[in-house]
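One structure below.
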Amino acid sequence: MAINLDAKIPSGPIEQKWNKAKFEYKLVNPANKRKYSVIVVGTGLAGGAAAAALGELGYNVKAFCFQDSPRRAHSIAAQGGINAAKNYQNDGDSVYRLFYDTVKGGDFRAREANVYRLAEISVNIIDQCVAQGVPFAREYGGVLANRSFGGAQVSRTFYARGQTGQQLLLGCYQALERQIDEGRVQMYARHEMLDVVVIDGRARGIVTRNLVTGAIDVHLADAVALATGGYGNVFYLSTNAKGSNATAIWRAYKKGAAFANPCFTQIHPTCIPVSGEYQSKLTLMSESLRNDGRIWVPKKQGDTRAAAQIPEDERDYYLERMYPSFGNLSPRDIASRAAKRVCDEGRGVGPGGLGVYLDFSDAIGRLGKKTIEERYGNLFEIYERITGEDPYSVPMRIYPAVHYTMGGLWVDYNLESTIPGLFVLGEANFSDHGANRLGASALMQGLADGYFVAPYTIGNYLAGIKPGGVDESHPECKFAREEAENRVKTLLSIKGKKTVDEFHRALGKIMWDKCGMGRNAAGLDEALPLIQALREEFWQNVTVPGSGGEVNQSLEKATRLADFLELGELMVRDARIREESCGGHFREEYQTQDGEALRDDDKFCHGAVWEYQGSEQAPVRHVEPLSFEHVHLTQRSYK
Amino acid sequence: MKLTLNIWRQKGPNHPGRMVKYEMPNVDEHMSFLEMLDVLNEDLIHKGEEPVTFEHDCREGICGCCGFMINGLPHGPQRGTTVCQLHMRQFHDGEELWIEPFRAKAFPVLKDLMVDRGSFDRIIAAGGYVSVNTGCFVDGNAIPIEKQNAEMAMDAAACIGCGACVASCPNASASLFTAAKIAHLGLLPQGQAERDRRAVRMVAQMMEESFGYCTNTGECEALCPKGVKIENIARMNRDYLKAAITYREESAPAGGS
Amino acid sequence: MSTIAVGGINRTALFYQSVIGKKVIMAVTGFILSGFVLGHMIGNLQVFAGPEKFNAYAAFLQGLGPMLWVARIALLAAVGLHIAMAVQLTLLKLDARPQAYVKKSALVSTYAARTMIWSGPIVAAFLIYHLLHLTTGHAHPDFKPGDVYANFITGFKNPAVALFYMVANILLAFHLYHGVWSMFQSLGVSHPRYTPILKRLAQLYGIVIGLGNVAMPMAVLTGILTL
């Protein structure tokens, strides 16, 4: 089957591509917009922004989220900030520099044109959010404040205390509620998307389950946008919300949307370590903490002394030692791997030796407790609540955890997947971060896609088609709905011995051990049959209590896990074939003498794009070659 | 530690509910409260019983999904903490706990500890926004905002919409929730144009949803996991009073043309 | 779409229908009544200055003629509105939480704040009795029109009556303890720096009124004041 991987990048100089594209996009006459309908799945920054913006333009929008309210999407948990190339600090920032940093930070596995557009739009995002009343931090003069963030040497991060994601999401949610009030957006909260409906080769709708009544319905539209976030929960333990899942993108993949770079997962260096078997999720401590905190472990292996008992010269501030110019602000993948390395050497701290110190005593000495409290007070509180330890007096213990997935559905420059009419926004797509995302760039991408890209590109798509034309009696609708109903019925009827969470933990363990921070051929080769066997066992031995016609959280988890069990396999396949190390994908066989990621640009300077071939056959791997005309391929160095 | 839990079990919105007793013989003090319930649920599933339904998502205290009453207090005994961030070290061995859903007419119980808080969304939809379309902006630094005002706006905007204020209020009032949004936007220059309209419409919607009224008891402020202050309610009252005097009615019916 | 329709509604009706409007009426009438309570107490404390002074004060009030009736009607209207709002708001409250908690705790709210709905009606009942007792004399066995001082002393000689007065005034003090600050909050007067002070002053106000009013029947009972 032929798959079209034309990225549709506009011609011309990189600075003019987006303007050129916007001019060339076809427009829908204002009077005709209300005749078109768009489905938006997910109400985080990308989905919420897109639904609001499309509603403002006059389209009929149906927005879906599985939570009880669109305000709860997991974008809300982003703490640190959002990047924008405003150069308000006069410290040498520019659109070009943000573009450069993002391509380099992504270890040269992202499309230059997309990244440039993202950097260009970043400045509008801040203006838009300020206009909505997002209470960004300000200086005494009343102007916006900035801070620096991992992987950047300029201060370009805008923030609202440690709740930037929340405030941006609330801005977006309020814009969405306004459209709901005006009748332009119909909101379906507590609805989970179970499948996409493809008719005559175009995405025409989705199948949903009402999580209160259990009703499974088909919703049709002229275009579908998925903004359903990442798939980090394949690891069971991650910083994602418990409900974050891959079902929407996975179902789209199985209906013909290609999946790109599934193995690119980001491990965040600063999370609170696991405390016991019952652990249900991992809590991130914002990366901004690394601005003032110093990371260290004892020089000696198995040193069990309390932090305060270890003298200065017996501490190893390993990031400062290994990466003198970036030090504690080294990019996430580098900081995470360094932590793993020192823990593997037996120098980790805390229970199980899986932790490193993040120490604020120097900063408190230098700036005073009050300043530190102002900057990080709420983060310190979170830490104390969870661990019972006071980070003002005892250093925090942190360890890396799965945080973000750079991989996702393949999209072209217009954010359209390989299924025409199916657009993918935000973390759900693969486009902008390459093999590693820089801190404070996820919020930027979500809002860029939602407010400023999708409204144009979806409009362009709609202008080329006639509205309507199908109804629910179409055989494809019936088929998709019946398929979803049957899956639910099957899951409820297995009545085995193991709970969904037990299977999920088992999958998570395989993924973390074999396809986590460090990967190798042997481990990946082992993982594949393990996942397949687990999946088989799941379908024979899972127990899902309750019925399908009511609130049933076990059933929700089961439908999500069923898809994770398939996605995990694709991640392993992708990681196995990519015989190089880049960004978040670290193949132990491919490293420099200092233990840094060693890319192989001759063989792997491309996006790996997977095409589903049915349940009986292995998926096919295509490639989208990447060329770097502006940011030249170099070995990333943060020394 | 060992705990005895009395948990409200209710099959659906139109079913009667009741307290059911569960013994938890082995609770680790480092568990979060929700992890303790996870353990109970795994156990219930293995026994062939239905697990306890409770809402949760981010489990880091920001999404606002979780929340129920523990011993008569929303989110439990620790101040400034959502139930997902509440850890078992806050309880002692042998303690007996009463766990029930938030109760208000505007928060109907859907199942067990899960309630429908759609009324909050409708209050926001009535006016909790700045009416700017995407693209209608000036440079972010074009209008300076006094740091103190920006901070106060942020204090109010920290609301996570969990509903603890309603649950704790003897009158089941949503004043703190509504006031937080009115104050957040009213403190910023961007929110001035719609200030009157916002107050009038949001307060009207709050009543429409059958929330009670505020008797200034201060319970909401004390139990708000994000420390939203009742001075925001005074601000709402002030805005509402002013709007009631000066607001010109809309010529078109509310809800657009 | 939200179900509200602001357009076309009469502004006064809108205000009156809203919970905040009702609370404002509550606060304004409460303000009038708490002011009256203070004046009433100060005036009556003159009883300690002896029969002549006290009876002269009473005569002065009677001599106000139409002014007295204006004040009486205003006060009656304030009481009426205050009670009407209280009834309406209580009904709203019952409607807002139809199913009670199995277990409910309170963290910071004062006893006074939570019992406004009890202190209010009891004080109202007391008010009626008080009017019948010392103003019109219908509930006073030894009522002598014109001799206010004598009515005062003979009235409180009965321990049951004095006790009822004291209990009611303690409840009134409770009511003011929460209500006086609360009315500022309802009217939107709040400032992070001054509100705590205001709250203390309001509580002091309640305590002073309580002490002053309890002192009078107490003085009769203990024989400090006699005929």
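If Lys and Arg each add +1 and Asp and Glu each add -1, what is the summed charge of the other residues whose beta carbon sits under 12 Å from the beta carbon of A:Phe360? Kindly include the intermediate steps, with their values, before the conclusion.
Values: positive: A:Arg290, A:Arg294, A:Arg366, A:Lys369, A:Arg375; negative: A:Asp292, A:Asp359, A:Asp362, A:Glu373, A:Asp390.
Cβ neighbours under 12 Å give a net charge of 0.
Please give the calculated 222 nm ellipticity per residue for chain A, where each DSSP H segment of at least 4 residues contributes -39500 (n - 2.57) and the sum is spread over every residue; nearest 500 deg cm²/dmol?
One gets -11000 deg cm²/dmol as the mean residue ellipticity at 222 nm.
Taking the alpha-carbon centroid of each part, what is the distance from segment B:144-198 to segment B:91-124 in angstrom?
22
Going through segment A:354-449, which GluC sites (Glu not before Pro) have at most 16 other Cβ atoms within 10 Å and a DSSP loop state? Before the final figure, lay out the partial values.
Values: sites: A:Glu373, A:Glu374, A:Glu381, A:Glu384, A:Glu389, A:Glu416, A:Glu427; in loops: A:Glu389.
Of the GluC sites (Glu not before Pro), the ones in loops of segment A:354-449 whose Cβ has at most 16 other Cβ atoms within 10 Å are A:Glu389.
I'd like the distance separating the alpha-carbon centroids of segment A:574-633 and segment A:247-296, in whole Å.
Taking the Cα centre of each part, segment A:574-633 and segment A:247-296 sit 20 Å apart.
How large is ³J(HN,Hα), in whole Hz, for each residue of segment A:347-357 in order, when computed from phi with the Karplus curve 6.51 cos²θ - 1.76 cosθ + 1.60 and θ = phi - 60°, using x for Gly and Pro?
My calculation for segment A:347-357 gives 10, x, 10, x, x, x, x, 9, x, 10, 7 Hz in order.
Among DSSP bridges having both ends in the protein assembly as shown, what percentage is antiparallel? Round to the nearest 5.
Details: 59 of 83 bridges.
About 70 percent, rounded to the nearest 5.
Less than 13 Å Cβ to Cβ from A:Ile39, Lys/Arg counted +1 and Asp/Glu -1: what total charge do the surrounding residues give?
Values: positive: A:Lys62, A:Arg202, A:Arg204; negative: A:Asp195, A:Asp217, A:Asp222.
Here the charged neighbours net out to 0.
Once you have a ≥ b ≥ c as the square roots of the Cα gyration tensor eigenvalues for segment A:582-639, tell me rounded if a/c is under 1.5, and otherwise prolate or oblate according to whether a/b is larger than b/c. List each step's numbers first, then the result.
Values: a/c = 3.59, a/b = 1.70, b/c = 2.12.
Because a/c hits 1.5 or more and a/b fails to exceed b/c, segment A:582-639 counts as oblate.
Which cross-chain or sequence-distant (5 or more) residues have an amide H under 5 Å from the amide H of A:Val197, H modelled 1.01 Å from N in plane?
A:Arg204, A:Gly205, A:Ile206, A:Val207
Based only on other Cβ atoms within 10 Å, what is the fewest-to-most ordering of C:Ile209, A:Ile465, A:Ile531?
Lowest count first: A:Ile465, C:Ile209, A:Ile531.
Tell me the Kirkwood radius of the protein assembly as shown: reciprocal of the mean inverse pair distance over distinct alpha-carbon atoms, in Å.
On the way: mean 1/r = 0.0316 Å⁻¹.
Taking the inverse mean of 1/r over all distinct Cα pairs, the protein assembly as shown comes out at 31.7 Å.
Between B:Phe211, B:Phe68, B:Phe177, find the one with the highest GNM mean-square fluctuation for chain B; connect C-alpha pairs within less than 10 Å.
Greatest mean-square fluctuation among the candidates belongs to B:Phe211.
Considering only DSSP beta bridges with both partners in segment B:3-108, what is the antiparallel share in %, to the nearest 5?
Working: 13 of 17 bridges.
Of the beta bridges lying entirely in segment B:3-108, close to 75 percent run antiparallel.
Quick check for segment A:475-604: number of Lys pairs with alpha-carbon distance under 19 Å, counting only pairs 8 or more apart or on different chains?
9
Taking the Cα centre of chain B as origin, work out the dipole magnitude from +1 charges on Lys and Arg Cβ and -1 charges on Asp and Glu Cβ, in debye rounded to 20. Display every interim value, and only then the final one.
Values: 26 positive and 33 negative charges, 179 e Å.
Dipole size: approximately 860 debye.
Tell me the angle of helix A:369-387 to the major Cα principal axis of chain A, expressed in degrees between 0 and 90 and rounded to the nearest ten.
On a 0 to 90 degree scale, this one is about 70.
If amide hydrogens are placed 1.01 Å from N in the peptide plane, which non-local residues have theirs closer than 5 Å to the one on A:His630?
none
Can you give the mean number of other chain Cβ atoms that lie within 10 Å of the Cβ atoms in peptide A:68-80? Please list the in-between numbers first.
Numbers: counts 14, 10, 2, 10, 11, 3, 5, 1, 8, 7, 1, 2, 0.
Whole-number average of other-chain Cβ neighbours for A:68-80 is 6.
Of A:Tyr451, A:Pro475, A:Ile465, whose Cα points farthest to the positive end of the dipole of segment A:378-514 (charges on the beta-carbon: +1 Lys, Arg; -1 Asp, Glu; origin at the Cα centre)?
A:Pro475
Using the alpha-carbon centroid of each, what span in Å lies between segment A:42-79 and segment C:172-227?
Segment A:42-79 and segment C:172-227 have Cα centres separated by 51 Å.
Of A:Tyr278, A:Ala227, A:Val349, which is farthest along the charge dipole of segment A:222-354 in the positive direction, counting Lys and Arg as +1 and Asp and Glu as -1 at C-beta?
So the residue furthest toward the plus end is A:Ala227.
About its Cα centre, how strong a charge dipole does the protein assembly as shown have in debye, to the nearest 20, once Lys and Arg get +1 and Asp and Glu get -1 at the Cβ?
Numbers: 116 positive and 115 negative charges, 574 e Å.
Charge dipole, the protein assembly as shown, about its Cα centre: 2760 debye, nearest 20.
Any aspartates and glutamates with Cα under 16 Å of the B:Lys147 Cα? List them, leaving off those in the same chain fewer than 8 positions away.
Correct list for B:Lys147: A:Glu139, A:Glu374, B:Asp155.
What are the ³J(HN,Hα) couplings of segment A:328-342, residue after residue, when phi is run through the Karplus curve with 6.51, -1.76, 1.60 and θ = phi - 60°? Round to Hz, x for glycine and proline.
Result, ordered by residue: 5, 9, 4, x, 4, 4, 5, 5, 5, 5, 4, 5, 4, 4, 5 Hz.
Check B:Leu97: other-chain or 5+ apart residues with amide H under 5 Å from its amide H, H built from backbone geometry?
B:Thr4, B:Leu5, B:Asn6
Classify segment A:268-403 as rounded, prolate or oblate from the Cα gyration tensor: take a ≥ b ≥ c as the square roots of its eigenvalues, call it rounded if a/c is under 1.5, otherwise prolate when a/b beats b/c and oblate if not.
Numbers: a/c = 1.24, a/b = 1.05, b/c = 1.18.
Cα axes put segment A:268-403 in the rounded bin.
For B:Trp8, A:Trp250, what's the fewest-to-most ordering of other Cβ within 10 Å of each Cβ?
Least to most surrounded, the residues fall as B:Trp8, A:Trp250.
When A:Lys489, C:Lys93 are ordered from fewest to most other Cβ atoms inside 10 Å of their Cβ, what list results?
On the way: A:Lys489 10, C:Lys93 18.
Going from sparsest to densest Cβ surroundings: A:Lys489, C:Lys93.
Just to check I understand the Karplus step: with θ = phi - 60° and J = 6.51 cos²θ - 1.76 cosθ + 1.60, what whole-Hz values come out for segment A:50-58, glycine and proline as x?
Computed from phi, the couplings for segment A:50-58 are 5, 4, 5, 5, 5, x, 4, 6, x Hz.
Classify segment A:445-596 as rounded, prolate or oblate from the Cα gyration tensor: take a ≥ b ≥ c as the square roots of its eigenvalues, call it rounded if a/c is under 1.5, otherwise prolate when a/b beats b/c and oblate if not.
Verdict is oblate for segment A:445-596.
Could you tell me how many degrees, from 0 to 90 and to the nearest 10, lie between the Cα long axis of helix B:195-208 and the main elongation axis, the longest principal axis, of the Cα atoms of chain B?
Between the helix axis and the principal axis of chain B, the angle is about 40 degrees.
Once the Cα atoms of helix A:95-105 and of chain A are each reduced to a long axis, what angle between those two axes, in degrees from 0 to 90 to the nearest 10, is obtained?
80
None of the figures in this text is laboratory data; all of them are computed from the coordinates on show. Nothing here was measured: the structure is a model prediction, and the numbers come from that model. Cβ coordinates were reconstructed from backbone atoms using ideal geometry, including for glycine residues, and neighbour counts include every protein chain displayed.
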